[in-house]
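Reading through the structure tokens given below for one structure.
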Ligand SMILES: *Cc1c(COP(=O)(O)O)cnc(C)c1O
């Protein structure tokens, strides 16, 4: 793979590599969203991917690209969210030792989820920064290999396999709505779709609290933003000031970006649950939120919204879909969660 860019060929190679690890997920029609928007809306159900999110595609592709010698060194990550789960699961399948570094603040259920997937949970310090120092030590002193969540050519190519499945299942697609954080998912999808048909519109959607990629696009370079608690917690975090891959691809290939608010995300979680009967996490319904909020014009088009994951706290989820949402949508922006 060339050092400085990801190509459609890399996405096809990723698909061959991860077959048997990540599945081809269903694409289903959403009558309710179609009716509300005057478009033909379908949902790409990445929430049914193993580990509950699309991240398995990229993580598996990264691990499969490692040499035998590299695999023996083991892999490390600091993510306790969907990326951490994906790395843990892929490593377990490939018999690679995986360590997930996390602080003492990480809730017990997340720690157990990582352990349950076969990885070592290494609890260090009181903050994410201290966990990051331990991860760096494991890389520098013990030679372990860091698996990045989005800014990596193999990870982006792996996520791009979602785009290949869309081309197969709905070649006449007009617009795709993709949740956007570090941009690995949308970069891969855009690469696949635009290579096949540059007229397919690719729209990235982030929450309006701390949208690092959108701010970076505005600034013309990667910038840091303040993080706030959000229902779309999987969309939190920066893009890295030293971003090399996902930022340029998003800048060059994505047609539009849209921001949605917390109330809109809560509405979309409830709408998706009651109408499409899906338990979808906040980050994964931002496409539905953008459609329901009228933020993207799609009338008459064939639209796909990527429903990216389902790893949501079920207590919070049942509160939100039952209409008891104030506690979750009115959290103070100063709160650091
Ligand atoms: C990671 C994640 C995203 C965002 O993906 P990026 O590649 O960081 O843009 C969206 N939805 C879910 C559920 C995720 O876990």
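Farther than 19 Å from residue 59 by Cα, within 13 Å of the ligand (Cβ to nearest atom), touching a residue at least 12 places away in the same chain (Cβ under 8 Å) and in contact with a strand residue (DSSP E or B) (Cβ under 6 Å, 6 or more places away or on another chain): does that describe residue 214? Break it down stepwise before answering.
Values: farther than 19 Å from residue 59 by Cα: yes; within 13 Å of the ligand (Cβ to nearest atom): yes; touching a residue at least 12 places away in the same chain (Cβ under 8 Å): yes; in contact with a strand residue (DSSP E or B) (Cβ under 6 Å, 6 or more places away or on another chain): yes.
Considered against the rule, which asks whether it is farther than 19 Å from residue 59 by Cα, within 13 Å of the ligand (Cβ to nearest atom), touching a residue at least 12 places away in the same chain (Cβ under 8 Å) and in contact with a strand residue (DSSP E or B) (Cβ under 6 Å, 6 or more places away or on another chain), residue 214 comes out as yes.
Of all residues in the stretch 54-81, which are under 21 Å from residue 306 (Cα atoms) and modelled with pLDDT of 95 or more?
So the first thing to find is which residues in the stretch 54-81 are under 21 Å from residue 306 (Cα atoms), and the list is 54-61, 81.
The answer is 54, 55, 56, 57, 58, 59, 60, 61.
Considering only residues in the stretch 194-228 that are in contact with a helix residue (DSSP H, G or I) (Cβ under 7 Å, 6 or more places away or on another chain) and part of a helix (DSSP H, G or I), the one that is surrounded by the most Cβ atoms within 10 Å (Cβ to Cβ) turns out to be 213.
On the given criteria, is residue 98 at pLDDT 95 or above, out of contact with any helix residue (DSSP H, G or I) (no Cβ under 8 Å at 6 or more places or on another chain) and over 18 Å from residue 309 (Cα atoms)?
Values: at pLDDT 95 or above: yes; out of contact with any helix residue (DSSP H, G or I) (no Cβ under 8 Å at 6 or more places or on another chain): no; over 18 Å from residue 309 (Cα atoms): yes.
Taking the combined requirement at face value, the residue does not satisfy it.
Against the test of being more than 16 Å from the ligand (Cβ to nearest atom), closer than 15 Å to residue 179 by Cβ and buried (at least 18 other Cβ atoms within 10 Å of the Cβ), the options 296, 250, 307 yield a single qualifying residue, 296.
Which of the following residues is closer than 20 Å to residue 40 by Cα and touching a helix residue (DSSP H, G or I) at 6+ places or on another chain (Cβ under 7 Å): 178, 155, 124, 147? It would help to see each step written out before you state the result.
Working: 155 fails: closer than 20 Å to residue 40 by Cα; 124 fails: closer than 20 Å to residue 40 by Cα; 147 fails: closer than 20 Å to residue 40 by Cα.
Result of the check over 178, 155, 124, 147: 178.
Among 270, 280, which is in contact (Cβ under 8 Å) with a residue 12 or more places away in the chain and in a helix (DSSP H, G or I)? Quick ask: steps written out before the conclusion?
Working: 280 fails: in a helix (DSSP H, G or I).
Being in contact (Cβ under 8 Å) with a residue 12 or more places away in the chain and in a helix (DSSP H, G or I) holds for just one of 270, 280, which is 270.
If only one of 251, 299, 331 is over 26 Å from residue 107 (Cβ atoms) and assigned to a loop (DSSP other than H, G, I, E, B), which one is it? Break it down stepwise before answering.
Details: 251 fails: assigned to a loop (DSSP other than H, G, I, E, B); 331 fails: over 26 Å from residue 107 (Cβ atoms).
It is 299.
Entry remark, the stretch 164-199: residues being out of contact with any strand residue (DSSP E or B) (no Cβ under 8 Å at 6 or more places or on another chain) and within 16 Å of the ligand (Cβ to nearest atom) number 6 in total. When residue 167 is tested against the conditions (1) in a helix (DSSP H, G or I); (2) buried (at least 21 other Cβ atoms within 10 Å of the Cβ); (3) in contact with a helix residue (DSSP H, G or I) (Cβ under 7 Å, 6 or more places away or on another chain), the lone failure is (2). Candidates in the stretch 47-93 are the residues that are under 19 Å from residue 16 (Cβ atoms) and in a loop (DSSP other than H, G, I, E, B); of these, the one that is nearest to the ligand (Cβ to nearest atom) is 54.
The values are calculated or read from the model by the stated rules, or taken from the named source; none is laboratory data. Note that the structure is a prediction, hence the values are computed from the model and not measured. With ideal geometry, Cβ positions are generated from the backbone for all residues, glycine too; neighbour counts draw on all protein chains shown.
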